[in-house]
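Q: Pasting in a structure now, in structure tokens, and then I'll have a few things to ask.
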């Protein structure tokens, strides 16, 4: 956590933000090292501009749902910070209502079917760990973000 704290302080200094500015969370994308580092690279390359999570995850973990204006620190699998993102908009909708126009902003898939298959797998695994069951009706929290700092 010390390196996250130092990274955040450097971000605040470099961007001349108020020193009492907070971030929502620091995290890596994905559920394994390969995925986390590949998704991080998509963010750094400007291809990944959104992410989604299950609403059940937030409800079960007690973590706050991101809101427009929130900052988050993106790390690699090892926890090393690489970027700060700022949430631009959040929408909550059933998994079955995701369209390719929406999910393509995640920068991960070439079509809706691929996105669905990858996310069904992810939500099924996460659900087993977090106590919910994937369904086509489950609500997802879809977050559009902008990279505001890379160092």
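Computed from the coordinates by the stated procedures, all read-outs in this text should not be read as laboratory data. Bear in mind that the values here come from a model prediction, so they are computed numbers and not experimental data. Glycine gets a Cβ as well: all are built from the backbone with ideal geometry, and neighbour counts include every protein chain shown.
Q: Over all distinct alpha-carbon pairs, what is the Kirkwood Rh of the stretch 43-131 in angstrom?
A: On the way: mean 1/r = 0.0691 Å⁻¹.
Every distinct Cα pair counted, the radius reaches 14.5 Å.
Q: Can you tell me the length gained on complete extension of the stretch residue 38 to residue 125, counting 0.36 nm per residue apart and subtracting the Cα distance?
A: The span from residue 38 to residue 125 would gain 29.4 nm if fully extended.
Q: If you stretched the chain out fully between residue 68 and residue 101, how much longer would it get, using 0.36 nm times the residue separation minus the C-alpha to C-alpha distance?
A: Computed gain between residue 68 and residue 101 is 9.9 nm.
Q: Also, I was wondering about something else. Sequence gap at least 6, Cα distance under 8 Å: using those rules, report the relative contact order of the chain to the nearest whole percent.
A: It comes to 31 percent, rounded to a whole number.
Q: Quickly estimate the mean residue ellipticity at 222 nm for the chain, helices only: each DSSP H run with n ≥ 4 gives -39500 (n - 2.57), and the total goes over all residues, rounded to 500.
A: The helix contribution divided over the chain gives -11500 deg cm²/dmol.
Q: So how far apart, in nm, are the two label points at residue 93 and residue 150 if each is 7 Å from Cα heading toward Cβ?
A: It is 2.8 nm.
Q: For the chain, how big is Rg over Rh, using alpha carbon atoms and the Kirkwood form of Rh?
A: My calculation puts Rg/Rh at 0.96.
Q: Between 0 and 90 degrees, rounded to the nearest ten: what's the tilt of helix 33-44 against the longest Cα principal axis of the chain?
A: Result, in degrees: 60.
Q: Okay, moving on. Rounded to the nearest 5, what % of DSSP beta bridges with both residues in the stretch 2-150 are antiparallel? If you can, show how the numbers build up before the last one.
A: On the way: 21 of 24 bridges.
Antiparallel bridges make up about 90 percent of those DSSP assigns within the stretch 2-150.
Q: Just to confirm the number: angle between the C-alpha axis of helix 112-130 and the first principal axis of the chain, 0 to 90 degrees, nearest 10?
A: The two axes meet at around 80 degrees.
Q: For the Cα atoms of the chain, what angle does the longest principal axis make with the long axis of helix 2-15, in degrees from 0 to 90, nearest 10?
A: The angle comes out at about 70 degrees.
Q: How far is the Cα center of the stretch 110-151 from the Cα center of the stretch 7-78, in Å?
A: Here the two parts' Cα centres lie 15 Å apart.
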